[in-house]
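The values are calculated or read from the model by the stated rules, or taken from the named source; none is laboratory data. Predicted model only: the values in this text are computed from it and were never measured. As a convention, Cβ positions derive from the backbone with ideal geometry for all residues, glycine included, and neighbour counts pool all protein chains shown.
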Amino acid sequence: MAIESDVLVVGGGLAGLTAALAAARSGGDVRLLSYKQSTLRSASGLVDILGYTPAGDGPLTDPYGAIPTLPETHPYRTVGVDTVREAMSLFDEAAPTYRGAHTDTNALVPTHGGTVKPTGRYPASASAGLASDGRDMLLVGLESMTDFDAPRAAAHLEAAGVPFDVRGVEIQFPGDLRADAKVTRYAKLLDTDGEVSVRGRERPAREALAARVAPHHEGEGRVGFPAVLGDDDPGGVRAALADHLGAAVFEVPMGPPSLPGLRLEDHLFAALDDAGVSIETGNPVTGFEGEDRVEQVFVDKNGAKIPNTAEQYVLATGGLVGKGIDSDREAVHEPIFDCHVAHASDRYEWFDGDVFGDHPFARFGVDTDHHLRPLAADGDVEFENLRAAGAVLGGYDFAAEKSGSGVSIATGYQAGHTAAQEAS
Amino acid sequence: MSDAESPHEFEPAEPNTGEEFETVEVFPEDSFDLRPGSDSCYKCSTCDTNCPVAEVDDEFPGPKFQGPEQWRLKQNEEDYEIDDSVMDCSNCMRCDNACPAGVPLSQMHNTARGEYVSESMSKRSVTYWRNRILANYRTSARIASTVPRLANFVMNFGPARWLMEKTMGVTSEREFPAFATETFREWYSREGGAAGSRERAREHRERVGDPVDADKKVAYFHGCYSNYNTPEVGKAMVRVFERFGYEVVVPEQGCSGTPMFANGMLDDARRDAEVNISSLSDLVDQGYDAIASCTSCSMALRQEYPELFDIEGVDEVAANTFESVEYLRIHEDLPGALEDADIDDEMAAEFAYHAPCHARNQGLDRQAVELFGDLEAVDIEDVGDSCSGISGTYGWKSEKYEKSMEIGEEMFEHMEHAEGDTGMTECPTCAMQMEHGTGYEIRHPLELLEAALVD
Amino acid sequence: MASAPHIVVIGGGSTGVGIARDLSMRGLDVTLLEQGNLTHGTTGRMHGLLHSGGRYAVADQASATECIEENRVLRDIASHCVEMTGGLFVKRPEDTEEYFERKLEGCRECSIPAEVVSREEARAMEPHLAKDIDRAISVPDGAVDPFRLVVANAASAQEHGARIETHSTVTDLLVEAGEVVGVEVEHDSGSGKRVHGTAGARERIRADHVVNATGAWAGRLGEMAGVDIEVRPSKGVMTIMNVRQVDTVINRCRPKGDADIVVPHETTAILGTTDEEVDDPADYPEKQWEVDLMIDSLSELVPVLAEARTIRSFWGVRPLYEPPEVGSDDPTDITRDYFLLDHDERDALPGMTSIVGGKFTTYRMMGEEISDHICAKFGIEADCQTAEVPLPGSEEFSVLRDYMDEFGLRSPIGRRSVERLGSRAETVLQTDEPNPTVCNCEAVTRAEVQDAIEGSGSDLNAVRIRTRASMGNCQGGLCSHRLANELHGNYDEATTRAAWDELLQERWKGQRHALWGEQLSQAMLNYALHATTQNRDNDPADGDPVEFAAFDSGDPTVGRSDGHDVAADGGCRDGD
């Protein structure tokens, strides 16, 4: 007996979570299957909509304004700019700690590498760090955290021409943590305000951290830290530090593993729980049954094949990183439904010679019709009840465009919403 | 098929202990080279963000280092030592559930731990013997349960516990679980064993109008805890399955090996695995599915055995092993059966449910809440996705006790917040920690199913 | 001696640094010039095999004998660069018995210790060997890190007073009255250590003698002086696997052929190779079929290679030389022996000597011979010491010491660090500062990176070859910016940014040949990190000014009044 639902979403990243949420909000009985944790924890936690055109123009101030100028095959063109707006509204509702919805204009957020990048939504934790805010800035790095060198980032921001004075200092995190302590260790200490030992005395972590920063603080209006300021209670951690320092406190988004990404994932899963979505994680979908329609899919549990069946299916398994798109020496493919993925037969045409060149591999993914249904090589719909969303889609280079999260949210929303309507 | 027809003349009702079992060395050296497993790693560190130990203990370098990094840096030279921090891993296996790239993390940890214990740990050290005794809980439990009342007294007798803490490093903060006066296997025998179960299953089939000779038969892997400490869970399993028309056999079995993996005692684990695979694969061949009520036991049979041991039949057993409620969910209309269920006893309660870490890899961490969410007479609240912190034997070690409680703190808080004062979980050691941290009484989902479905 | 002759050695590969070390130890005044980083040419592009001589034991016994002699020397003087893995010549059923016997016989004739091992024994040593191999011959092959070896030679030469200039291209030879009297050199960024953004400089360096040790580029140097040096560059591909599938060098036991060796190298295994003549040692095609051939052929010996992850491929150009009168058609027929060309005798051009041909394993012997030759020219009687005096890092050193506890490093990190640093470990790793791991794949700590920066200037590729940082499975994806961070403090931001970009480009170059499966996924992740998270591809610091005022400066309704936005963005659960 198969496990049943109206809409079955395969994939638990930003696109899959949005699809499941949109489907549930549209009244569907929704089940989400996710193999492992998604790339949300590898991403910075910023929610980009569109920062640059495919031709590299930018940074764009108005992402929505640029959408109609994108190539027709771009997923944003498939769903249309109105859907992008609706989808962002759903996101704003599901992720109440995100900022940026008050304007259509992109924000420029300092990165841990010292550049700034355009983004559509940013976590509250990063909001005091915006580069268009004129307040002077002090960046604080932790000596044993090699990913972020505050003095170098400050100098880099200066070279980028930011409209404020910025300095960087390095401190040792109080408590003599081992040099390879994980970001979650810092976050936990700050969340729980745990005791740390400073010169033989036990002090609460938040106060001790602020005390380490204070001597370096020269009245800058805001102080930025690498994104380790709490997991469960980041607002409380920032408030405490801000009180001690008398300045706004923010986080500089980091590369993997990313606490802001992790917090966003938590928010979205909580929203799914509230919406009554049934969720199963941990095991892969490895096969399916059906010709023109997907009849059922199979979850593989160490060799046991567990059938799951639904009216409508959403494929949101990610791109090359999430393994929704896979490759070998000969070809590129979509592993679950074997949907067509266009690619050059010569793998030396999959990339450009320059590290930031125009890489075809970055655009690998399935092509779809206007309803986001994957198309076979001959242009026919692969399955009438299968829609694709997020990075499994082809035709856009999210890294160059800074459009990854926005495309996932918009196509996830559209796929989930339509699937639920069709299923009912 | 009657038992007499079974090709091995195997009487599943006979509570064999497996003591006489002769091990056959199929693969004399289980020295897996796991370096190729590092090929899947992209260094994204998602695993590290899931590690409950690294979060409270910066001496522990996290699963990425312990797994793919350490293995990749390893060279097959004799003096390439495994870092001793591998012993701080609690074997919760959450990293397995995290890795987006499919790195065999817990397999790497288990193998490294085994290598560390066999090559770098002194076999004369107190820690080694303490770990070995903790890991071989079944041995102690078997002896103790012959004199349960005496054992219950002695094990929690203050001076004895003080001595254990001082000499062995077993924390005296915890209370040892009580031994039941009648083990599950004794009860099962008394109820007529396999023949009795078959008869009752047939009655139920008749009652609901199923074919009387329906091919519904399962082999129950009760594990140590349901047998010696909480036979009520085992009894609930048998009654619930029989109610759906399944005949339940209870094969010869040893420890699943979970505590042994966590302590790097791979030889001990293998000895029991051979017993378990041998008896279960016979039954699987005969069309039985293997059912466990403890999620760590099902995890061992499904994942750890095939990853660590080359024993004949290991893959077949893995593919046919299920957690008890999961099995019913797949094969029966459980939501339908629960729709008009009526609970009027003590199980009509508000449960604070904790999903054991080992349930996660099996995709079972939300099962109980989703299933019981619509039950009228009960409320069930998920207390969050944190680790309970006990991780089997980890929380029993004096030097780990504080960390264990620190990890569990989040769960305790959520339990306190939840309505009601009854907890629920599938894992017996999580239950121990839940009870220890909150004083709640802890039940197994099968007990609720029994209350709802069995008259 | 009142004033030691000044010798200019051109070429910073193994041969060049070997000569520089030898001559400077004998008291001569040496300047070494290298157009790129040390090992820029062929040396940095080899499979890292320390030959036992077994590979030449049938066809070229002179080379084989030299190899086993030098193999013994290097184990001694360069212990921290060498791993004695042992090697196997593996015979598959389709390979001839006759060749197997000739190989065994040849090894014995050249005094190379060789034993026949059965299939079972071979597979016990290397479980990933194919089940259907016949048997094998074991020989004392080893693995050597060419980067470390060259850097150690250069460091030793410097200790003996030599001047080492990298990123310094010889643009002309100074010829006066029919004699080479020096070189004209262009320094990329001034003399001394390379620093990005420093203005270049031209320099004329006078020399009593010039040694042309430029390998595949020897012909070009010859042209500057108007002499013909008929180097026949031959390219070969090497494919790097992400992990070591084998811990022993695996050779195919059959006559010369492509794709017949797997060398365990540090954390990786290197598959080699091909042998194809090219016109230009700096510009030749790098083809897909060459990579595919490595994987397809060598998986006959080690089947797991077929599905294993490769992290990059690179090509090296052998500086083969044969006297013009031999006239081999096939580059594989050209001898691997080396030739000393005294241009005075050969071309009536005094003041310059070239050394061509040869192979990495015998670099020291080549250095010794040319040094003898030069000393003889100047009437200097000084014994060669390079066979006895250990290289810096290999002095009185035992890897068995328990360094891990001493330096507060985890077991495999301490172990790898000490293997790389050898006897310098204590000096480098002893620190009171936090010493986090900068490159997790290769276990390189900050202390080691800082030590390398001291020796490399702002050049992160030079840091890379000294430490292996960014040479693991992420190929710099997660550590390039960390390395740039480490530079800062020593160098200003613009310099670190230039070095960072250069490292990213270099890492991309070889990775392009491994873009399928896991490495394509890794490349996409790296691209996302660098472009999406860091916006390195559109860095406003590099490009046009940004009009900051045109972008969102924050929601005026949230949190600005009290200076911080601390809305409850905490946990996701109720009550948090």
* To do: Check A:Thr83, A:Thr119, A:Thr192, A:Thr105 and return the single one that is among the polar types (S, T, N, Q) and crowded, with 23+ Cβ neighbours inside 10 Å.
  => A:Thr119
* Residue among A:Gly194, A:Gly230, A:Gly246 that is of a type outside the set (Ser, Thr, Tyr) and more than 13 Å from chain C (Cβ to nearest Cβ) -> A:Gly194
* To do: Hey, can you tell me all the residues within region B:147-198 that are free of Cβ contacts under 8 Å to residues at least 24 places away in the same chain and of a type in the set (A, V, I, L, M)?
  => B:Val147, B:Leu150, B:Val154, B:Met155, B:Ala160, B:Leu163, B:Met164
* Residues of region C:478-530 classified as more than 9 Å from chain A (Cβ to nearest Cβ) and not in a helix (DSSP H, G or I), total -> 2
* Structure fact -> Of those in region B:52-94 that are within 13 Å of chain A (Cβ to nearest Cβ) and in contact with a Gly (Cβ under 7 Å, 6 or more places away or on another chain), the residue farthest from C:Met84 (Cα to Cα) is B:Pro52
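For region A:132-155, which residues satisfy the criterion of being hydrophobic (A, V, I, L, M, F, W, C), under 21 Å from A:Leu259 (Cβ atoms) and in contact with a helix residue (DSSP H, G or I) (Cβ under 9 Å, 6 or more places away or on another chain)?
Listed by number, the residues that qualify are A:Met137, A:Leu138, A:Leu139, A:Val140, A:Leu142, A:Met145, A:Phe148, A:Ala153.
Taking region C:20-41, which residues are farther than 16 Å from C:Thr166 by Cβ and buried (at least 24 other Cβ atoms within 10 Å of the Cβ)? Walk me through it before giving the result.
Going residue by residue through region C:20-41, those that are farther than 16 Å from C:Thr166 by Cβ are C:22-29.
Within region C:20-41, C:Asp22, C:Leu23, C:Ser24, C:Leu28 meet the criteria.
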* Asked: List the pairs whose first member sits in region B:348-366 and is within 14 Å of B:Phe412 (Cα to Cα), whose second member is part of a strand (DSSP E or B), and whose Cβ atoms are under 6 Å apart, counting only residues at least 6 apart or on separate chains?
  -> B:Phe351/B:Ile380; B:Phe351/B:Thr422; B:Phe351/B:Met424; B:Ala352/B:Glu381; B:Ala352/B:Gly423; B:Tyr353/B:Ile380; B:Tyr353/B:Asp382; B:Tyr353/B:Met424
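Here's the yes/no breakdown for (1) closer than 22 Å to B:Phe261 by Cα; (2) outside the structural domain of B:Ser106 (by TED's automatic domain parsing); (3) among the small types (Gly, Ala, Ser):
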site: B:Ile277; (1), (2), (3): yes, yes, no
site: B:Leu280; (1), (2), (3): yes, yes, no
site: B:Ala292; (1), (2), (3): yes, yes, yes
site: B:Ile311; (1), (2), (3): yes, yes, no
site: B:Ala318; (1), (2), (3): yes, yes, yes
site: B:Thr321; (1), (2), (3): yes, yes, no
site: B:Leu338; (1), (2), (3): no, yes, no
site: B:Pro356; (1), (2), (3): yes, yes, no
site: B:Gly363; (1), (2), (3): yes, yes, yes
* Structure fact -> Taking region A:37-78 and keeping residues under 30 Å from A:Glu4 (Cα atoms) and either touching a helix residue (DSSP H, G or I) at 6+ places or on another chain (Cβ under 6 Å) or modelled with pLDDT of 95 or more (or both) leaves A:Gln37, A:Leu40, A:Arg41, A:Pro75, A:Thr78
* List, please: which pairs have Cβ atoms under 6 Å, are six or more places apart or on different chains, and start with a residue in region A:116-136 that is hydroxyl-bearing (Ser, Thr, Tyr) and end with one that is part of a helix (DSSP H, G or I) and at pLDDT 95 or above? -> A:Ser125/A:Pro234; A:Ser132/C:Phe548
* To do: For residues that are touching a Cys at 6+ places or on another chain (Cβ under 8 Å) and within 13 Å of chain A (Cβ to nearest Cβ), tally how many sit in region B:271-330.
  => 1
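Could you list, in sequence order, the residues of region B:370-389 that are part of a loop (DSSP other than H, G, I, E, B) and either touching a Phe, Trp or Tyr at 6+ places or on another chain (Cβ under 7 Å) or farther than 29 Å from B:Ile343 by Cβ (or both)?
Initial filter on region B:370-389 (part of a loop (DSSP other than H, G, I, E, B)): B:373-378, B:383-389.
Listed by number, the residues that qualify are B:Val378, B:Val383, B:Cys387, B:Gly389.
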* Structure fact -> Residue hits (region C:440-456; part of a strand (DSSP E or B) and more than 9 Å from every other protein chain (Cβ to nearest Cβ)) are C:Val444
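I'd like to check which strands (runs of 3 or more DSSP E) are fully inside region C:207-263 and have at least 2 residues that are under 18 Å from the mean Cα position of the chain (by Cα) and either under 19 Å from C:Gly11 (Cα atoms) or not acidic (Asp, Glu) (or both). Spell out the reasoning first.
Details: elements: C:209-212, C:231-241, C:249-252.
Ranges flagged: C:231-241.
Considering only region A:37-57, state which residues are buried (at least 22 other Cβ atoms within 10 Å of the Cβ) and part of a loop (DSSP other than H, G, I, E, B). Don't jump to the end; show me each part of the working.
At the first step, the residues of region A:37-57 found to be buried (at least 22 other Cβ atoms within 10 Å of the Cβ) are A:37-52.
Residues satisfying the conditions are A:Gln37, A:Ser38, A:Ser42, A:Ala43, A:Ser44, A:Gly45, A:Leu46, A:Asp48, A:Ile49, A:Leu50, A:Gly51, A:Tyr52.
Residue by residue, here is whether (1) within 20 Å of A:Leu241 (Cα to Cα); (2) modelled with pLDDT under 95; (3) not assigned by TED's automatic domain parsing to the domain that holds A:Pro234 holds:
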site: A:Ala150; (1), (2), (3): yes, no, no
site: A:Ala154; (1), (2), (3): no, no, no
site: A:Leu157; (1), (2), (3): no, no, no
site: A:Phe173; (1), (2), (3): yes, no, no
site: A:Thr184; (1), (2), (3): yes, no, no
site: A:Lys188; (1), (2), (3): yes, no, no
site: A:Ser197; (1), (2), (3): yes, yes, no
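So which of A:Tyr396, A:Tyr413 ends up being in contact with a Ser or Thr (Cβ under 6 Å, 6 or more places away or on another chain) and either at pLDDT 95 or above or part of a helix (DSSP H, G or I) (or both)? It would help to see each step written out before you state the result.
Values: A:Tyr396 fails: in contact with a Ser or Thr (Cβ under 6 Å, 6 or more places away or on another chain).
None of the others qualify; the one that does is A:Tyr413.
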* To do: Check region A:296-311 and report whether any residue there is at pLDDT 95 or above, away from chain B (no Cβ under 14 Å) and closer than 30 Å to B:Arg94 by Cβ.
  => yes
* **From B:Ala112, B:Ala98, residue being facing another protein chain (nearest Cβ under 8 Å) and crowded, with 18+ Cβ neighbours inside 10 Å** => B:Ala98
* Select from region B:32-41 the residues that are closer than 22 Å to B:Arg360 by Cα and facing another protein chain (nearest Cβ under 7 Å) and write down the one among them that is surrounded by the most Cβ atoms within 10 Å (Cβ to Cβ). => B:Cys41
* Given (1) assigned to a loop (DSSP other than H, G, I, E, B); (2) surrounded by fewer than 15 Cβ atoms within 10 Å (Cβ to Cβ); (3) in contact with a Gly (Cβ under 8 Å, 6 or more places away or on another chain); (4) not aliphatic (A, V, I, L, M), index of the condition B:Glu199 fails -> (1)
* Structure fact -> A:Thr146 fails exactly one of (1) more than 8 Å from chain C (Cβ to nearest Cβ); (2) closer than 22 Å to C:Leu478 by Cα; (3) of a type in the set (Ser, Thr, Tyr), namely (1)
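Sort through A:Glu334, A:Glu401, A:Glu349 and tell me the only one that's modelled with pLDDT of 95 or more, within 30 Å of C:Glu506 (Cβ to Cβ) and in contact with a helix residue (DSSP H, G or I) (Cβ under 8 Å, 6 or more places away or on another chain).
Values: A:Glu334 fails: within 30 Å of C:Glu506 (Cβ to Cβ); A:Glu401 fails: in contact with a helix residue (DSSP H, G or I) (Cβ under 8 Å, 6 or more places away or on another chain).
Of the residues listed, the single one that is modelled with pLDDT of 95 or more, within 30 Å of C:Glu506 (Cβ to Cβ) and in contact with a helix residue (DSSP H, G or I) (Cβ under 8 Å, 6 or more places away or on another chain) is A:Glu349.
Across region A:74-127, what is the total count of residues that are part of a helix (DSSP H, G or I) and at the interface with chain C (Cβ under 10 Å from one of its Cβ atoms)? Break it down stepwise before answering.
Start the filter on region A:74-127 by keeping residues that are part of a helix (DSSP H, G or I), which leaves A:75-79, A:81-94, A:124-127.
Cutting the leftovers down to at the interface with chain C (Cβ under 10 Å from one of its Cβ atoms) gives us A:124-127.
Final tally of qualifying residues: 4.
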* Given the conditions (1) over 20 Å from B:Gly192 (Cα atoms); (2) among the small types (Gly, Ala, Ser); (3) out of contact with any Lys or Arg (no Cβ under 9 Å at 6 or more places or on another chain), report the number of the one that B:Gly264 does not fulfil. => (3)
